[in-house]
Amino acid sequence: MQSTRELQVLAPAALGPQSGQQVDLVRLTELVRQTRDMIQNVNDARDGVMLVRRASAADKLVTEALKGCRMLDAEQFTLRQAAAEAHLRTQRRAGELLASMEKHSGGRPPKTGITKGRVSGIATLAEMGITRNEAHRWQLLATLTEEQFEDYLADCHSRRRELTTIGALARARYVVRERSALLERPSGSEAQLARYEKIKRALSDMIWLDPAMVVAAMEPARRSKESEEADRPIAWLEQLKVLLDERERRRSAITRGMS
């Protein structure tokens, strides 16, 4: 297998129609497969950037090629998903490598007497050919654990939802918010009670909804996940009920003992 340094970023013309010929979808499929297989061998941020560019070019090639193709819709969707998945995987891997890099300090380098060349051996984003926005988005994707990332891919495949960078970033932002909420969870009993009162108001609104209508409106693939997620609040409310009843019994026993 070629190393990433031996690979050139493919321009759309590289595999596009030439001299009236149709795009070779077999070669495109192989290109997507090779790009995905190379991810596990990338251990350098520069190589990661190059692989993202390659995957992005392949994704665009597939999209353009399928516009004039007579493949069945299901086959076209499968090929588009494979190209989009490879692109997402390369972006996430590049994000991991960027996050692990020593950060460039920026500003003017110290005076060393060297007049030519870079003083620092740390590459800047510009030198690697990426923007701050790209670096931010890729590193945001890298905040997803492998399990969370694979769950997102599996969910899109099972629901036949198109894989997109925007969708994956939305999932990553949701995960980041959830982690922040856990870190900000109140620790004192008074703070916990205040948070409970706030959540209770939202729960009071929810009980007026018709569960049958809510379930009927859900997509089939979502129902199983919602059922699992419902187990947690149900278990918590059951525990709350047990503790409340226990405290009430103790209070009643003390009251009777004092009378």
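At-a-glance table
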quantity: Sparse-neighbourhood loop sites, GluC sites (Glu not before Pro) in region 125-179 - DSSP loop, at most 13 other Cβ within 10 angstrom; calculated: Glu162
quantity: Simple spin-label estimate for Ile199 and Thr165 in nanometres, 7 Å along Cα-Cβ; calculated: 3.7 nm
quantity: Computed label-point distance, nm, for sites Val214 and Glu150 using a 7 Å Cα→Cβ extension; calculated: 3.1 nm
quantity: Whole-Hz couplings from phi, Karplus 6.51/-1.76/1.60, listed for region 204-220; x for Gly and Pro; calculated: 4, 5, 5, 5, 7, 7, 8, x, 5, 6, 5, 5, 5, 7, 6, 6, x
quantity: Inter-probe distance in nm under a simple model that places probes 7 Å from Cα toward Cβ, at Arg132 and Ala253; calculated: 6.4 nm
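Coordinate-derived values only; no laboratory data. All values reported here derive from a predicted model rather than from experimental measurement. Cβ: placed from backbone, ideal geometry, glycine included. Neighbour counts: every protein chain shown.
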